[in-house]
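Participant: Following this message is one structure expressed as C-alpha cells.
Read-outs throughout are calculated quantities, based only on the coordinates presented, and are distinct from any laboratory measurement. Every value quoted in this text rests on a predicted model; they were computed, and no experiment measured them. Neighbour counts are summed over all protein chains in view; Cβ atoms, including those assigned to glycine, are modelled from backbone coordinates with ideal geometry.
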Number of protein chains: 2
Amino acid sequence: MPAQSPSFDEAFTEKLGELLAWRRDVRRFRTDALPDALLAKLIALMELSPSVGHSQPWRWLRVDDPDQRLAVQASFSRCNAEVLADYEGERAALYARLKLEGLREAPVQFAVFCDHGTLQGHGLGRRTMPEMLDYSVVAAITQFWLAARAHGVGVGWVSILDPEEVRRIAGAPPDWKLIGYLCVGFPVEEHDVPELVREGWEKGRS
Amino acid sequence: MPAQSPSFDEAFTEKLGELLAWRRDVRRFRTDALPDALLAKLIALMELSPSVGHSQPWRWLRVDDPDQRLAVQASFSRCNAEVLADYEGERAALYARLKLEGLREAPVQFAVFCDHGTLQGHGLGRRTMPEMLDYSVVAAITQFWLAARAHGVGVGWVSILDPEEVRRIAGAPPDWKLIGYLCVGFPVEEHDVPELVREGWEKGRS
C-alpha cells in the first residue's frame with residue numbers, strides 16, 4: 001500500500017467505467033476451479049469495504065459439500081416454483097424461460113451473512129437505522145463483485161431462496177442473517193447489457 | 001462503450017486495490033462546489049449498479065435548500081445526543097470527540113431512497129427476500145462512493161438520523177424508504193486508515 005495517497009488518472013477512471021458497465025449478474029459459469037490465491041485476493045479486497053462503526057459484520061461461509069449444494073438447489077427449485085405460480089400468461093412463460101442462477105455449475109459458492117451478535121463497532125451509527133449493519137454486508141458483496149469482475153471472475157447473486165433454510169444448510173448460528181447467496185466462477189460469456197434486458201423481462205430506465 | 005468486452009490488466013487491478021484501500025467515509029469537506037458535469041457523470045456510473053429484477057429502485061433527491069439542511073442537522077443533533085447518553089465513561093468521552101458527519105460543510109447532499117412502490121422488475125427475486133429491493137439501493141450507493149473517490153470526490157454516509165423525519169424534510173412520498181443520507185464534496189484530507197480506527201474507537205479485524 002502506498003504511503004502517499006494515490007491519484008487516479010483519466011485512463012483509470014475510463015476503465016473503471018467499463019468495469020461498471022460490464023459487471024453483470026452471472027448465471028452461466030465454466031466449471032473449472034478458481035485459483036485459491038485469486039479467491040483469497042478477492043476476499044481481502046472485500047474486507048476493505050465500508051461498514052457502520054467499522055463493525056465489519058460480514059461472515060462468508062463457503063458451501064462446498066455436495067449435499068449442502070443439493071439442499072440449496074432444492075430450496076431454489078421450491079421457491080422458484082412458487083414464484084412461477086404467481087405469474088400469469090406471457091409473463092409466466094417468459095419467467096419460465098429465464099436462467100436465474102448457476103447453482104449447478106459455479107465452482108465456488110458462498111452464503112454471506114450479517115452477524116447480528118457482533119460487538120465490534122460498539123453500536124455506532126445503528127441506533128436510529130439498525131439496518132445499517134445489514135447494509136454493510138451488502139456493500140461488501142458489491143465490492144467483492146466489482147473486484148471479481150476486474151479479475152475476470154463472474155458473480156451471481158441468488159435471492160430466490162428461503163433465507164432461514166439456507167442458514168441452516170450452511171450451518172450458521174441463529175443470529176447470523178443471510179444477506180446473499182453467491183455463485184462465483186469464470187463466466188462463459190460477457191455482456192454489457194443485463195440478461196433480464198436482453199431477454200425482454202425489463203427495459204429499465206437507463 | 002466498447003463493443004468488445006474489455007480486459008483489465010494488472011496495472012488496473014492494482015490501482016483498483018488502491019481505490020478500495022483509500023475510499024474512506026469522509027466527514028471533512030472543502031466547501032467549494034462540485035462541477036455539475038462531474039456530478040452527472042457519477043450519477044450515470046451509479047445507474048449502472050446491479051438491482052434485483054433490474055428494478056433500479058434508487059431515487060436520489062438533492063437537498064440544497066438551507067432550511068432543509070438545517071432541519072437535517074437538527075435531526076442529527078437530536079439523534080446524536082440520544083446516542084451519546086447511551087454510552088458511559090471513557091467510551092462516552094471518546095464518542096463525544098468523534099467527528100461523524102460533514103453536514104455543515106459538504107457542498108452536495110443527497111437523501112437516497114428505495115421506491116417501494118415501483119413496478120419495475122415485476123417483483124423478480126423479491127418474494128422470499130423482499131429486502132433485496134433495499135439492498136439494490138445500497139449497492140448503488142457503494143458504486144457511487146467508489147466512482148466518486150476515483151474522481152477525487154469524497155462521500156460520507158450519515159446514518160445518525162431519524163429516517164422518517166428525513167423523508168419528510170426531503171419531500172419524498174411515504175412509500176420511499178430512506179436508505180442513506182450522503183454528504184458529497186472534495187475531501188480536506190486523504191487516508192488509508194478509517195477515522196474510527198485512527199481515533200481508537202475500533203481496531204477492526206483486518
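Participant: What is the packing order of peptides B:58-71, B:77-90, taking the mean over residues of other C-beta atoms within 10 Å and listing the highest first? Please list the in-between numbers first.
Facilitator: On the way: B:58-71: 15.3, B:77-90: 12.9.
Per-residue mean Cβ counts within 10 Å order the peptides as B:58-71, B:77-90.
Participant: Each label point is 7 Å from the Cα along the Cα-to-Cβ direction; what then is the distance between the points at A:Asp36 and B:Arg62, in nm?
Facilitator: Calculated label separation equals 5.2 nm.
Participant: Which distances, shortest first and in nm, link A:Arg198 to the matching position in the other copies, using label points set 7 Å out along Cα to C-beta?
Facilitator: Between copies, matching label points for A:Arg198 lie 4.4 nm apart.
Participant: If you average the sequence gap of Cα pairs under 8 Å that are 6 or more apart and divide by the length of segment B:24-198, what percent do you get for the contact order? Before the final figure, lay out each step's value.
Facilitator: Working: 294 pairs, mean separation 71.9, N = 175.
Computed over segment B:24-198, the figure is 41 percent.
Participant: Still on this model: When each copy gets a label point 7 Å from Cα toward the beta-carbon at B:Leu70, what are the spacings between them in nm, shortest first?
Facilitator: Output for B:Leu70: 6.8 nm, nearest copy listed first.
Participant: Also: Between A:Leu119 and B:Ser77, what is the spin-label point distance in nm, taking each point 7 Å from the Cα along the Cα→C-beta axis?
Facilitator: Here the modelled spin labels are 3.5 nm apart.
Participant: Student exercise: in the protein assembly as shown, how many lysine pairs 8 or more apart or on different chains have Cα atoms under 24 Å apart?
Facilitator: Close lysine pairs found across the protein assembly as shown: 12.
Participant: Among A:39-49, B:132-142, how do they line up by average Cβ neighbours within 10 Å per residue, starting with the highest?
Facilitator: Going from most to least packed, we get B:132-142, A:39-49.
Participant: Nearest 20 debye, what's the magnitude of the dipole of the protein assembly as shown about its Cα centre given +1 on Lys and Arg Cβ and -1 on Asp and Glu Cβ?
Facilitator: Working: 48 positive and 60 negative charges, 23 e Å.
Taking the Cα centre of the protein assembly as shown as origin, the dipole is about 120 debye.
Participant: When Cβ neighbours within 10 Å are restricted to other protein chains, what is their mean count per residue of peptide A:143-149?
Facilitator: Numbers: counts 7, 0, 5, 8, 4, 0, 2.
Taking all residues of A:143-149 together, the mean is 4.
Participant: Once Lys and Arg get +1 and Asp and Glu get -1 on their Cβ, which of B:Phe12, A:Ala81, A:Trp201 lies farthest toward the positive end of the dipole of the protein assembly as shown?
Facilitator: Going by the Cα projections, it comes out as A:Ala81.
Participant: Shielding by partners for B:45-52, please: the mean number of other protein chain Cβ atoms within 10 Å of each residue's Cβ. Kindly include the intermediate steps, with their values, before the conclusion.
Facilitator: On the way: counts 6, 2, 4, 9, 4, 11, 5, 5.
Across the residues of B:45-52, the mean count of other-chain Cβ atoms within 10 Å is 6.
Participant: Taking a temperature of 25 °C and a viscosity of 0.890 mPa s, what whole-number D in µm²/s does Stokes-Einstein yield for segment B:49-199 with Rh from Kirkwood over alpha carbon pairs?
Facilitator: Using the Kirkwood radius from Cα pairs, D works out to 146 µm²/s.
Participant: Taking the Cα centre of segment B:24-198 as origin, work out the dipole magnitude from +1 charges on Lys and Arg Cβ and -1 charges on Asp and Glu Cβ, in debye rounded to 20. Provide the component values of the computation, followed by the final result.
Facilitator: Details: 20 positive and 24 negative charges, 49 e Å.
Taking the Cα centre of segment B:24-198 as origin, the dipole is about 240 debye.
Participant: OK, next. Return the average number of partner chain Cβ atoms within 10 angstrom of each residue Cβ along peptide B:126-134.
Facilitator: On the way: counts 3, 7, 15, 12, 1, 8, 6, 0, 4.
Across the residues of B:126-134, the mean count of other-chain Cβ atoms within 10 Å is 6.
Participant: What are the distances, in nm and sorted shortest first, from the label point of A:Glu164 to the label points of the same position in each other copy, with each label point placed 7 Å from Cα along the Cα-to-Cβ direction?
Facilitator: In nanometres, ordered from closest: 2.6.
Participant: What's the ranking of B:101-114, B:23-36 by average number of surrounding C-beta atoms within 10 Å, highest first? Each step should come with its number before you reach the end.
Facilitator: Numbers: B:101-114: 21.7, B:23-36: 16.6.
By packing density, highest mean first, the sequence is B:101-114, B:23-36.
Participant: Additional query: Rounded to the nearest 500 deg cm²/dmol, what is the calculated helix-only ellipticity per residue at 222 nm for the protein assembly as shown, with -39500 (n - 2.57) per DSSP H run of length n ≥ 4? Don't skip to the end; give the middle numbers.
Facilitator: Working: 14 runs with 168 residues, N = 412.
Only helices count here, giving -12500 deg cm²/dmol.
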